[in-house]
Each structure stands twice: as C-alpha cells, then as structure tokens.
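*Asks:* Starting off with a structure, shown below.
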Amino acid sequence: LIFLILEAVLLERAANALGAYLAAQLGLDEEKQEVVAFGALALLQNGASVVLLLLLALSTGLLPEAAAALLTAGVLRHATGGTHLQTPLRCVLTTALGFWAGGFVGYLLVQALADQAAAVTLAICTVAWGLWVIHRWAPVEAETRPLSSKHKAYLRRLSLRLGWLVSIVLVGGAFFRTWWWAPGLIGFSIQCISLTPPGHRLTRIIDCLCSRLQGR
C-alpha cells in the first residue's frame, strides 16, 4: 500500500502539479507543459534516488563508496542514456539499492585485491568491455523522448569521449590503489549493462516482479 501511495503521489502527481504550476506562470501551452512535467519528474526522481541512497549508505558506513559508484555511472548516463523501469518509484528504489550494493561490492574488491597487478588487470579488462559496449550501443533513447539524428550523433561522440576519460581515471585509480577505483568500476559496469539487450531484459524482469508484488 505504501508503495502504491508513494508511486502515485510523491513522484508522478508531484511532477504533474509542478509542471502545471510552471506552465501557468510562464504562459506555456499544453505540449510545452508536458515537457516541463517530464523534466520535473526527472528532477524529483533523481533527487529521491540520491536521498534514499544517502540514507542507506550513511546507515551502513558506505557513503564514499556508494557516492563513487553513483558519480561514475551518472557521468556516463548523461550522454549514453540507458534502460528505464516502467514507473519512477521503481527507478528510485532500484537506483538506490543498486548503487548501495555497488559501493559495498567495490569496498570488498578494494580489500580483496591487495596486489596492484590484479587490480590493474581487472580495471583494464572491465573498461575494455565497457568501451566496446558504449561503442556498440550508446546512446540509448528513452521511449518517451526520441532523439533527433543530429543530437544522437552529438551524444554518441560525447559518450565515447566520456567513456575513455572515465576508463583512464579508473585504471589510474587501480594503479595507485585508491579507495574509489573499485566502487567506480562497479558504477561504470552498472551503467554499461543498462545499455545492452541483456540489461534491457533485466529491466523487464524487475518490472514484472514489481507488478506481481503490487498485484497488477
């Protein structure tokens, strides 16, 4: 019941209300009001994800690691896009839980891979796979927000540049044995998976499970 209330009220309805208010203040037509509402929904969704992730990470002492995973993925997602769940709240919960778990796994990897050569090898293999994924599939369009050919070409170039930049930083972090290289690598992997067909199928499975839990 709480799940349904949050889904209906705190995100979608709040975004629509904010969109309607801004449209009225700016004198926008109905079409532009929908665009504003979409932006408001994205803002609320991202804000809710960050707040929930902060609560989880602070309560478990994993704030730096979770933040590293989220930041790495966020930098890439800005250009590459990625798969989406069917409702905003599902995205909020999955994002928070996923990057909290990513921070935890990254923390364990830093502790387990004390050998520099092993850490660098893992980082190089992971970023090589990720760069191939970005080259093969980025950018991924949202169904509700198709891209023009010009903008898509721009995002593709930006995706590759950011992919290389993040990859170099992560390999460098592994070489110098920083605390953030492994959480960042996990965030990089999560984002790259969201671009692939298996990542899309995983999203559909999560949607299906959520719908069953909600009795839909």
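The values are calculated or read from the model by the stated rules, or taken from the named source; none is laboratory data. Since the model is a prediction, treat every value here as computed from it, not as a measurement. Please note: Cβ atoms are built from the backbone with ideal geometry, for glycine as well, and neighbour counts cover all protein chains shown. Just so you know, the surface numbers come from the protein's heavy atoms only, side chains and all, with ligands and any DNA or RNA stripped out. Shrake-Rupley method; radii C 1.70, N 1.55, O 1.52, S 1.80 Å.
*Asks:* So, of the residues in the stretch 51-81 that are small (Gly, Ala, Ser) and buried (at least 23 other Cβ atoms within 10 Å of the Cβ), which turns out to be nearest to Arg136 (Cα to Cα)?
*Replies:* Selected residue: Ala73.
*Asks:* Check off (1) open to solvent by 20 Å² or more (accessible area, probe 1.4 Å); (2) touching a helix residue (DSSP H, G or I) at 6+ places or on another chain (Cβ under 9 Å) for Gly103 and give me the number that stays unchecked.
*Replies:* (1)
*Asks:* Kindly establish whether Leu158 is out of contact with any Cys (no Cβ under 7 Å at 6 or more places or on another chain), within 26 Å of Ala117 (Cβ to Cβ) and open to solvent by less than 50 Å² (accessible area, probe 1.4 Å).
*Replies:* Taking the combined requirement at face value, the residue does not satisfy it.
Condition check ((1) in a helix (DSSP H, G or I); (2) among the aromatic types (Phe, Trp, Tyr); (3) without any contact (Cβ under 8 Å) to a residue 60 or more places away in the chain) across all residues:
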position: Val110; (1), (2), (3): yes, no, no
position: Cys125; (1), (2), (3): yes, no, yes
position: Gly130; (1), (2), (3): yes, no, no
position: Leu147; (1), (2), (3): no, no, yes
position: Trp164; (1), (2), (3): yes, yes, yes
position: Ile168; (1), (2), (3): yes, no, yes
position: Ala174; (1), (2), (3): yes, no, yes
position: Ala182; (1), (2), (3): yes, no, no
position: Gly187; (1), (2), (3): yes, no, no
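*Asks:* So which of Trp164, Trp129 ends up being under 23 Å from Thr80 (Cα atoms), in contact with a Cys (Cβ under 9 Å, 6 or more places away or on another chain) and open to solvent by 40 Å² or more (accessible area, probe 1.4 Å)?
*Replies:* Trp129
*Asks:* Taking the stretch 75-107 on its own, how many of its residues are touching a residue at least 40 places away in the same chain (Cβ under 8 Å), small (Gly, Ala, Ser) and assigned to a helix (DSSP H, G or I)?
*Replies:* The total comes to 6.
*Asks:* Right, next: Conditions first: (1) modelled with pLDDT of 95 or more; (2) over 21 Å from Gly172 (Cβ atoms); (3) open to solvent by 80 Å² or more (accessible area, probe 1.4 Å); (4) not aliphatic (A, V, I, L, M). Trp137 passes all but one, so which condition is the exception?
*Replies:* For Trp137, the failing item is (3).
*Asks:* One residue is enough: does the stretch 7-19 have a residue meeting the conditions of a type in the set (Asp, Glu), more than 21 Å from Gly102 (Cβ to Cβ), modelled with pLDDT under 65 and open to solvent by less than 50 Å² (accessible area, probe 1.4 Å)?
*Replies:* yes
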